[in-house]
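First the structure, in the form of structure tokens, and then the observations on it.
The values are calculated or read from the model by the stated rules, or taken from the named source; none is laboratory data. Bear in mind that the values here come from a model prediction, so they are computed numbers and not experimental data. Protein only, heavy atoms only, side chains kept; ligands, DNA and RNA dropped before computing areas. Shrake-Rupley method; radii C 1.70, N 1.55, O 1.52, S 1.80 Å.
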Amino acid sequence: FDPRHYLGTHWHGFPKTGPHRLRFLLESVKDLRETLRKKGSTLVVRKGKPEDVVRDLITQLGSVSAVVFHEEVREIL
């Protein structure tokens, strides 16, 4: 979870993620973790800036052959 996603927007000051969306995200992550556990896998969840968290995870794991991510689509005005 990137803390920057829970700050106000640049344009109008509204939160990027309100309480209903946050609840949905938390429930979705919990459900995904439970589903993966039933299949013998796991889900790593961290809070922080992705550029820091991913670097730290790679260092922790030691042998990482690939990192895949997606970037948030930003509105162009």
CD proxy at 222 nm, helix term only [per DSSP H run n ≥ 4: -39500 (n - 2.57); per residue of the chain; nearest 500]: -14000 deg cm²/dmol
Residue of Val29, Val53, Val44 that the Gaussian network model of the chain assigns the largest fluctuation, springs spanning Cα pairs under 10 Å: Val44
Can you return the lysines within cross-link range of Lys49? Criterion is Cα-Cα under 26 Å, with same-chain partners fewer than 8 residues away left out. Lys16, Lys30
Solvent-accessible area per residue for the chain (1.4 angstrom probe, square angstrom): 94 Å²
At 1.4 Å probe size, with the rest of the protein present, what percent of the exposed accessible area of the chain is carbon and sulfur atoms? 58 percent
The chain, Gaussian network, Cα under 10 Å: of Leu32, Leu22, Leu61, the residue fluctuating most is Leu61
Averaging 1/r across every pair of distinct alpha carbons in the chain and inverting yields a Kirkwood hydrodynamic radius, in angstrom, of 14.9 Å
